[in-house]
1. Using the charge dipole of region 184-335 (Lys, Arg: +1 at Cβ; Asp, Glu: -1 at Cβ; taken about the Cα centre), state which of Gly225, Gly202, Leu248 has its Cα farthest towards the positive end.
2. Antiparallel versus total DSSP beta bridges in the chain: what percent is that, nearest 5?
3. Which length gain, in nm to one decimal place, applies between Ser433 and Ala462 when the Cα-Cα distance is subtracted from 0.36 nm times their residue separation?
4. Taking the Cα centre as origin and putting +1 on Lys and Arg beta-carbons and -1 on Asp and Glu beta-carbons, what dipole magnitude results for region 333-468, to the nearest 20 debye?
5. Give, rounded to the nearest 20 debye, the magnitude of the charge dipole that the chain has about its Cα centre when Lys and Arg contribute +1 at Cβ and Asp and Glu contribute -1 at Cβ.
6. Give the shape of region 401-519 as rounded, prolate or oblate, defined through the alpha-carbon gyration tensor: a ≥ b ≥ c are the square roots of its eigenvalues, a/c under 1.5 means rounded, and otherwise the shape is prolate if a/b is larger than b/c and oblate if not.
7. Once both labels are modelled 7 Å past Cα along the beta-carbon direction, what's the Glu210-Thr155 spacing in nm?
8. How large is the accessible surface per residue of the chain, computed with a 1.4 Å probe and reported in Å² as a whole number?
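The values are calculated or read from the model by the stated rules, or taken from the named source; none is laboratory data. In this text, all values refer to a predicted model and were calculated from it rather than measured experimentally. Glycine gets a Cβ as well: all are built from the backbone with ideal geometry, and neighbour counts include every protein chain shown. Side chains are part of the model used for accessible areas, which takes the heavy atoms of the whole protein and leaves out ligands, DNA and RNA. Shrake-Rupley method; radii C 1.70, N 1.55, O 1.52, S 1.80 Å.
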Amino acid sequence: MISSNNRSKRTAATSLKIGIATLALGIALPSISVQAQETLRLPTATDFDSFDPDNAFEMDGLAAINNVYEGLVEYVPGSAEIRGLLAKDWEISEDGLTYTFHLVEDATFHDGTPFTADAVVKSFERRRDGELILSYFLWNLESIEATDEHTVVMTLGMPQPSLLDSLASPWGPKVISPTALAEHAGDDNASTWLDTNADGTGPYKLTSFERGQGYTFERYDDYYGDAPYFETVEVPLIPEISQQVLNLQAQETDAVPANYPWAQLAGLPAGLEITTAPSTSLIVGFIKPDSPLSDPEIRQAFLTAINPDLWVDDVFNGYGHTAKSLYPEIMLDPEVPVSFPTDMEAAETIVTEKGPIELTLAISTEEANALGRVGDILVAQLAGIGIDATVELLPSGAAFGLSEDPDAPDFYMGKLTPDALHPENQAGIFFTSGAPINFYKASLPAADELVGEAGTLTDVAARNALYEEASHMYFDNGLFVPMVGVDDVVVAPEGLAGFDLRAAYAPGNIDFGSVRWAD
């Protein structure tokens, strides 16, 4: 049997701050208002497409959804470890096809409906069969059955060692009140109602949804786990990070949950502090096929100049590090990291012999705050060996059309975040042939075969060895370049703690229920 703590035991985990370091910078803010004692104010930079946990790939809004809805399991804060949530423990059959989940017995939905195994079945069937944006999470679910009021049995079509990671993902299947699903079914399986309403089992319930303005959440007093500290959580829409910073300094909000300017972290105003945690955010370069970088010698010179060891500390102020592989280290810490060449003189010689060389680098508009300075530094580094490089700012969404654009940039940089912490979720989304976010549709079948084999293994060491070998092959053959692993960073007033950042999603994914003012 596999046993794991549920959310009711989070207090101990929070006090231990597993994997999370909090760095105090300066003295406490002058005062804490009464509102701040009762209300937690966390801005979001982007608006909700939908609050439906099955039908929207939210990023900034993910924390809110995961505090209203819960799944069977979740990741322990700051790690890839999986623990129970609505399932208190589970068993896996020897053939890997049957998962039996034993559920908590005292949870209720926000409308008062008791949480039961039947509710899990209805929600999972809606996710699997509804042709919704996130239906793919249950692609391998052949059947799901409630064998008694608090036991669910899932049968898979084939062994899937990554299943628990899919269930623990913040975008993974959540349990929705069956009463709400029935009452608001309409002709779209309640999708219209769930777009702006919610009914889950989480510590907070959605009480106000004002698209374009903000959102309000109230503590659910009948929550089965530890009672949240804050009665109310307000999530105002503040698109500009600069404005979020000003609001925090004016004590009009209580944190900048993500994307605080890296250059400003070393000089925070007195009374603010940093909470940081391991992240899956990985800056990766995608090389255009048939570009100058397809030439191994030119690519060697290019990699010598852009070696992150030369600039990562300057850009990220200690909250980023040179990536070891194409996988975030919290997911897979390789035995042998990828290695960048270091001989600058040899790089200059190559460019002199092969030149003139002109390259176009690119980042997306939505990542300009995070990657703009990286682009500028790479241009300067490349100029140092004689390569004339420029940075192009792509319109939002344009990266998905790069493979069809004959004038596409030679090197596209993106900040990647997988949807779960199994290496399969990284390789299968970004790197294998036909992966949905393999921007240039680059292909290396030999590496893909290793990824496919690794995905069938339950032995973690053997699995990771194959994923690591594939990573080296993708890098050595000039398809992808791992550059920087970036930490999650939250800036908040000194004394506000317990953010319990989850590694497997967009930065700033905070557990509202764990946040509290220190005594």
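1. Farthest along the dipole direction, towards plus: Leu248.
2. Working: 61 of 74 bridges.
If we restrict to bridges inside the chain, about 80 percent are antiparallel.
3. Numbers: separation 29, 0.36 × 29 = 10.44 nm, distance 2.25 nm.
Additional length available on full extension: 8.2 nm.
4. Details: 5 positive and 23 negative charges, 46 e Å.
So the magnitude is around 220 debye.
5. 800 debye
6. Working: a/c = 2.98, a/b = 1.67, b/c = 1.79.
Because a/c hits 1.5 or more and a/b fails to exceed b/c, region 401-519 counts as oblate.
7. If labels sit at Glu210 and Thr155, their model points lie 5.1 nm apart.
8. Working: 20170 Å² over 519 residues.
That works out to 39 Å² per residue.
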